[in-house]
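Data first, discussion second: the structure below is written as structure tokens.
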Amino acid sequence: MQPGGGGAIRVLNVAEKPSVAKAVAEILSHRSMQSRAGRSQYNRIFEFNYAINGRSCHMLVTSVTGHLMELEFDDRFRRWHSCDPAELFHAPVRKSVLQDKQPIKQTLEEEDRRCEWLVLWLDCDREGENISYEVIEVCTGANRHLNIWRAHFSALIDREIHESVQHLGRPNKLFADAVDARQEIDLRIGASFTRFQTTLLKDAFVIDVTGDDRNLVLSYGPCQIDLSFISPEFLWTRWEDELDNGTGRGRRGRGSGRQASSASAGQRGGAQARGRRRGRGRNADGEMFVSATGDTVYGCCFTCGDPSHFANACPNRRCNAEGGMFVSATGDTVSACCFTCGDPSHFANACPNRR
């Protein structure tokens, strides 16, 4: 950036969080800035004088707290039974400032009306670029004559911050658009599939309803794929603790569950594939067996479900190509050994470890 000559200019600087705003102000002012409250009690405004490429500037540094705006459907599509879930793939969406961010919005509007420049100190990634354009939308709504700049930095250290403000660039709209696209995909997929599967499956489960329909939501979203890596680990740890405690009621045991939970999911999966189970017990209702891994197995053939026999005598079983696994009629593969203790000499119905 090479600003032209002239008198002092008033510059509004916006960081992504209050701690960054304070750090930037302290570095640029050599810790001699003045501080005052904004509309938000958490986002203060720091003032000091500074020179950018030899030009005098009166700097105002404030912050947001992450995203200012939220993507949502138009009001007529927001009620659950207002449309077919498939319509949400094409329904209009809009971005609006969150209710709890209104004080921050008011601060930005009030301060930028008297400013000539807007300098964006948001995080230097796609998410930060998207928040930058949310700030731009709010600020240009109050002052469309702002000259907009982007500060690029990787650390809150003196040399980095001074270098950044002397070499300002422009924000990248393509990065912001990429985040908008991801948010829209998440919204459309999450809302449509959540409504669809909740409506489809709500009568298939016994759910404790306390009067709030939200308790019936069977949510769907891309982030729940990551959650699937956590849930089995939690269930494994809980079962180990139940086994150690001897109650079967989910109380914390003596600690081997915590040790077991440190094993990798891959190691545990391999052990399960070989049928290495520690034993099993009948559940409270007496209807199924529960293995040491927390799996529940009905007291019947796990290949076809017939209670008259177990898998080793099932007429529906067949060996796979390698001959080492049984393949059920449903296509599931089962180790050709006892799935309770892993011993190939017998199956679960004759397992001495079964209780």
Margin query: Could you tell me how many of the residues in segment 63-114 are in contact with a His (Cβ under 9 Å, 6 or more places away or on another chain) and among the hydrophobic types (A, V, I, L, M, F, W, C)?
Written below: 1
Note to self: Within segment 111-118, does at least one residue satisfy the condition of being over 24 Å from residue 156 (Cα atoms) and under 26 Å from the mean Cα position of the chain (by Cα)?
What the structure shows: no
Item checked: Residue that is surrounded by the most Cβ atoms within 10 Å (Cβ to Cβ) [pool: residues in segment 59-82 that are modelled with pLDDT under 90 and touching a Lys or Arg at 6+ places or on another chain (Cβ under 8 Å)] -> 82
Margin query: Go through (1) part of a loop (DSSP other than H, G, I, E, B); (2) without any contact (Cβ under 8 Å) to a residue 24 or more places away in the chain; (3) in contact with a helix residue (DSSP H, G or I) (Cβ under 9 Å, 6 or more places away or on another chain) for residue 115 and report which single condition fails.
Written below: (2)
Margin query: So for segment 34-49 (the condition being basic (Lys, Arg) and within 20 Å of residue 167 (Cα to Cα)), does at least one residue qualify?
Written below: no
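For segment 149-181, what are the residues that are assigned to a helix (DSSP H, G or I) and either touching a His at 6+ places or on another chain (Cβ under 8 Å) or within 18 Å of residue 51 (Cα to Cα) (or both)?
Within segment 149-181, 158, 159, 160, 161, 162, 163, 164, 165, 166 meet the criteria.
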Check: So how many residues does segment 118-133 have that are buried (at least 21 other Cβ atoms within 10 Å of the Cβ) and either in a strand (DSSP E or B) or among the acidic types (Asp, Glu) (or both)?
Finding: 5
Margin query: Out of 54, 38, I need the residue that is of a type outside the set (S, T, N, Q), on the phi > 0 side of the Ramachandran plot and modelled with pLDDT under 95. Which one?
Written below: 54
Checklist line | Residue selected from segment 162-207 under the condition surrounded by 15 or more Cβ atoms within 10 Å (Cβ to Cβ) and of a type in the set (Phe, Trp, Tyr), by the criterion farthest from residue 70 (Cα to Cα) | finding: 196
Next item on the list: Hey, could you check segment 89-110 for residues that are surrounded by fewer than 17 Cβ atoms within 10 Å (Cβ to Cβ) and either among the aromatic types (Phe, Trp, Tyr) or part of a helix (DSSP H, G or I) (or both) and say which is farthest from the chain's Cα centre (by Cα)?
Entry: 110
Next item on the list: Identify the residue in segment 1-31 that is small (Gly, Ala, Ser) and at pLDDT 95 or above and, among all such residues, is farthest from residue 164 (Cα to Cα).
Entry: 19
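The values are calculated or read from the model by the stated rules, or taken from the named source; none is laboratory data. No experiment lies behind these values; they were computed from the predicted model shown. Neighbour counts are summed over all protein chains in view; Cβ atoms, including those assigned to glycine, are modelled from backbone coordinates with ideal geometry.
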